[in-house]
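> Input: one structure, supplied below.
None of the figures in this text is laboratory data; all of them are computed from the coordinates on show. All of these numbers come straight from a predicted model, not from anything done at the bench. For neighbour counting, all protein chains shown are included, and Cβ atoms are generated from backbone atoms with ideal geometry for every residue, glycine included.
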Amino acid sequence: MENGNLKLALQKKGRLTDKSLELLKNCGIDIENYSERLVVTSKNYKIDVLFLRDDDIPEYVQDGVADIGIVGENVIVEKKAKVTYLEKLGYGRCKLMIAAPENSLPKTVKDIDGKRIATSYPSILTSYLNENNLTAKIIEISGSVEIAPSLGVADLICDIVSTGNTLTMNKLKKSFSVFDSEAVLISANSKFEDDSKNEVLKDLLRRIRSVLTAKNSKYLMMNIPKESLKKISEIIPSLKSPTILSLADEKMLAVHAVIPSDKFWHIIDDLKREGASGILLLPIDNMIV
Ligand code: PRP
Ligand code: ZN
């Protein structure tokens, strides 16, 4: 399979699969018919996607089986993989948490002492216990950790919580947060021997960064009275200087600006107070950074 393509490892089936494919799509990279196939070569980009179990991705990248990978930070840290973080991707956010049956929730961290904790994250959990001077029996389970308390195998669990649905369905409640995670793009080294792979990676990173920036930004358009321009320019949290256009009505101006998405609702009242009208907020597909 040495076709010079960049080999990207993705989770075969799980929380990160759809979002990762969506990211590639937004980067203009088509990955077709991926279901049930181990390797899919893109038709319009020099990339092969390897669909793997997320737990295997850090080692495969470290050992060079895949050139780069997308995986949760929780898995990278647990596997103690020697990899370089190329980019945090802002999705797949979750927490590794200690959780317990609703009726026996620990009140303080000290209450964990001496308990049996089921987890697929023995290494991260051990560090947490050591940092808090706690001793507990770690029961290592590779999947469906959430059923351990009801089977009587463990008193507590330490597992990934994202929406919290899995805990609720198993009548468990979160108690302490152990580790915060999100999806990250990793590679074994920041450079490959094969220079054409370096070129592809450079282009891919540029596309990913532009998609991520665009996702956090919106295009704001509005009309304002000419005399408010100075005040309105101060209100707008623009990434760059706003665009000012003249209108048929000479007393008015049109103002366009790229703003961070989360700022809009904070400035809307101030803009209106200064006479802004016809306010439009548009999504941005891509933004070259
Ligand atoms: C985790 C965890 C739960 C689920 C929790 O699995 O083991 O099954 O996510 O999510 P929720 O709070 O939204 O219900 P993960 O996706 O990390 O994959 P895994 O199957 O490899 O453990
Ligand atoms: Zn897994």
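> Karplus couplings for region 202-215 from phi (6.51 cos²θ - 1.76 cosθ + 1.60, θ = phi - 60°), rounded to Hz, Gly and Pro as x?
Each residue of region 202-215 in turn: 4, 5, 4, 4, 5, 5, 4, 4, 5, 5, 5, 5, 4, 4 Hz.
> Which whole-Hz ³J(HN,Hα) couplings does region 35-40 yield from phi under the Karplus relation 6.51 cos²θ - 1.76 cosθ + 1.60, θ = phi - 60°, glycine and proline marked x?
4, 6, 9, 6, 10, 10
> Using amide H atoms built 1.01 Å from N in the peptide plane, name the residues 5+ places from Ile160, or on other chains, whose amide H lies under 5 Å from its own.
Here the answer is Met97, since their amide H atoms fall under 5 Å of that of Ile160.
> Which of Thr135, Thr41 comes first, and how do the rest follow, when ranked by fewest Cβ neighbours within 10 Å?
Thr135, Thr41
> Here is a further query. Too long at a 25 Å Cα-Cα cut-off: which of Lys218/Lys272; Lys230/Lys251; Lys79/Lys171?
Beyond 25 Å between Cα atoms: Lys79/Lys171.
> Starting from the 7 Å offset along Cα-to-Cβ, what nm value, one decimal, do you get for the label separation of Leu38 and Thr126?
It is 3.1 nm.
> In region 214-248, which residues have a backbone nitrogen under 14 Å from the label point lying 7 Å from Glu22's Cα in the Cα-to-Cβ direction?
Those under the cut-off are 215-216.
> If amide H atoms are built 1.01 Å from N in the plane of the peptide, which residues on other chains or at least 5 residues away come under 5 Å of the amide H of Lys12?
Amide H neighbours of Lys12, under 5 Å, 5+ apart: Leu52, Arg53, Asp54.
> Related question: How high is the relative contact order of the chain? Use alpha-carbon pairs under 8 Å, at least six apart in sequence, and give a whole percent.
19 percent
> Give, rounded to the nearest 20 debye, the magnitude of the charge dipole that the chain has about its Cα centre when Lys and Arg contribute +1 at Cβ and Asp and Glu contribute -1 at Cβ.
Computed charge dipole of the chain: roughly 600 debye.
> Which whole-number percent is the relative contact order of region 6-118 (Cα, under 8 Å, 6+ apart)?
Reported as a whole number, the value is 27 percent.
> So, one more: With just the Cα atoms defining each centre, how far is region 87-123 from region 145-172? Give it in Å.
Answer, in whole Å: 9.
> Under the rule of -39500 (n - 2.57) per DSSP H run of 4 or more residues, summed and divided by the residues of the chain, what mean residue ellipticity at 222 nm is obtained, to the nearest 500 deg cm²/dmol?
Rounded to the nearest 500, the figure is -7500 deg cm²/dmol.
> Out of Asp180, Asp249, Asp262, any idea which swings most in a Gaussian network model of the chain, alpha carbons joined below 10 Å?
Its mean-square fluctuation being the largest, the pick is Asp249.
> Just the projected area, averaged over all directions, of the convex hull on the alpha carbon atoms of region 217-283: how many nm²?
4.0 nm²
> Let me ask another. When you have a sec, figure out the Kirkwood radius of the chain from all distinct Cα pair distances and drop it here in Å to one decimal?
Result for the chain, one decimal place: 22.3 Å.
> Still on this structure, please answer the following. When a footprinting reagent is the concern and you count Cβ atoms within 10 Å, what order do Met221, Met169 take, fewest first?
Met169, Met221
> Mind pulling the per residue volume of the convex hull built on the Cα atoms of region 123-223? Å³ is fine.
Taking only Cα atoms, region 123-223 has a hull volume of 219 Å³ per residue.
> Let me ask something additional. Packing-wise, with mean Cβ within 10 Å as the measure, how do 58-65, 16-23 rank, highest first?
58-65, 16-23
> Continuing with this model, one more query. Return the long-range amide H neighbours of Lys7 (sequence gap of 5 or more, or a different chain), with a cut-off of under 5 Å between placed amide H atoms.
Placed amide hydrogens put Asp48, Asp67, Ile68 under 5 Å from Lys7.
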